[in-house]
Amino acid sequence: MVANRDLARVQFERGLVSELVVLTAEQQYQNGVLTQVQADAQRFADAANLFHALGGGWWNRTDVDPKVWTPAHLNVIKAAAKDPQVARIFVNAAIKKALCREAGTDRHWLNKVQPWWGHDYHFHVRLICPADNPECTPQPARPTDDGCGKELDHWFTEAILHPKPSPTPSKPRPGPRMADLPDACRRVLLAP
């Protein structure tokens, strides 16, 4: 769009086109800018809706927002949980609560979905260890129930929702050191 507008201006300056051509090119350019702004606005609105639906700020709520949460949210997590390559899915507790409420009678997949800290606007999928990789350490087995009882209730206790601040500030934990990583991980990080 910019190239068309600039070309029209150059052509006008050389007397090759009329002012109407320049104005039309400018109008097309401005329409393109407007379309881009509208697309960006929609993208930001979609991101905000996803953040909200996935429980962003859930520490102030005990459930997802029913005006934003849709069956599509349940279906994407359910589809991932039913995949045999998936070991576990980490979500916030408000999401797990909504899944438990809306899962119906097909509930066996719920035991792979686990509430976890920090998953306020996204979820993580942890895959099973490949059978041919002896260096992969599998996750401990999950309970066989759907995780919608006492395990979930714990996340909505006063101590979890409104924890008391520690009297002594915690010191930041150092990150992993290269020497502490498994050899396969070091090779990946050191590869060109």
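One table, with the values for the structure above:
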read-out: Residue 45 being touching a strand residue (DSSP E or B) at 6+ places or on another chain (Cβ under 7 Å) and either modelled with pLDDT of 80 or more or not assigned by TED's automatic domain parsing to the domain that holds residue 152 (or both); value: no
read-out: Near pairs, Cβ below 6 angstrom, 6+ apart or cross-chain, from region 99-122 (under 19 Å from residue 83 (Cα atoms)) to any residue that is among the aromatic types (Phe, Trp, Tyr); value: 114/90; 115/155
read-out: Any hit, region 110-122, residues being acidic (Asp, Glu) and at pLDDT below 90; value: yes
read-out: All positions within region 153-183 that are of a type in the set (A, V, I, L, M, F, W, C) and outside any loop (DSSP other than H, G, I, E, B); value: 159, 160, 161, 178, 179
read-out: Checking residue 186 against (1) under 22 Å from residue 65 (Cβ atoms); (2) outside any loop (DSSP other than H, G, I, E, B); (3) of a type outside the set (Ser, Thr, Tyr), the condition it does not meet; value: (1)
read-out: Condition check for residue 106: charged (D, E, K, R), in a loop (DSSP other than H, G, I, E, B), within 22 Å of residue 66 (Cα to Cα) and at pLDDT 85 or above; value: yes
read-out: Residue satisfying condition, being buried (at least 18 other Cβ atoms within 10 Å of the Cβ) and either assigned to a loop (DSSP other than H, G, I, E, B) or aliphatic (A, V, I, L, M) (or both), within set 94, 72; value: 94
read-out: Sole residue being in contact with a Gly (Cβ under 6 Å, 6 or more places away or on another chain) and under 30 Å from residue 181 (Cα atoms), chosen from 120, 132; value: 120
read-out: Top-ranked residue in region 16-42 [being among the β-branched types (Val, Ile, Thr) and over 12 Å from residue 4 (Cβ atoms); ranked as modelled with the highest pLDDT]; value: 35
read-out: Of all residues making up region 130-152, the number that are part of a loop (DSSP other than H, G, I, E, B) and either surrounded by 14 or more Cβ atoms within 10 Å (Cβ to Cβ) or among the small types (Gly, Ala, Ser) (or both); value: 7
read-out: Residues of region 109-125 satisfying the condition of being outside any loop (DSSP other than H, G, I, E, B) and farther than 16 Å from residue 76 by Cβ; value: 111, 114, 115
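The values are calculated or read from the model by the stated rules, or taken from the named source; none is laboratory data. Computed from a predicted model, the values in this text were never measured in an experiment. Positions of Cβ are generated from backbone atoms using ideal geometry, with glycine treated the same way; all protein chains shown enter the neighbour counts.
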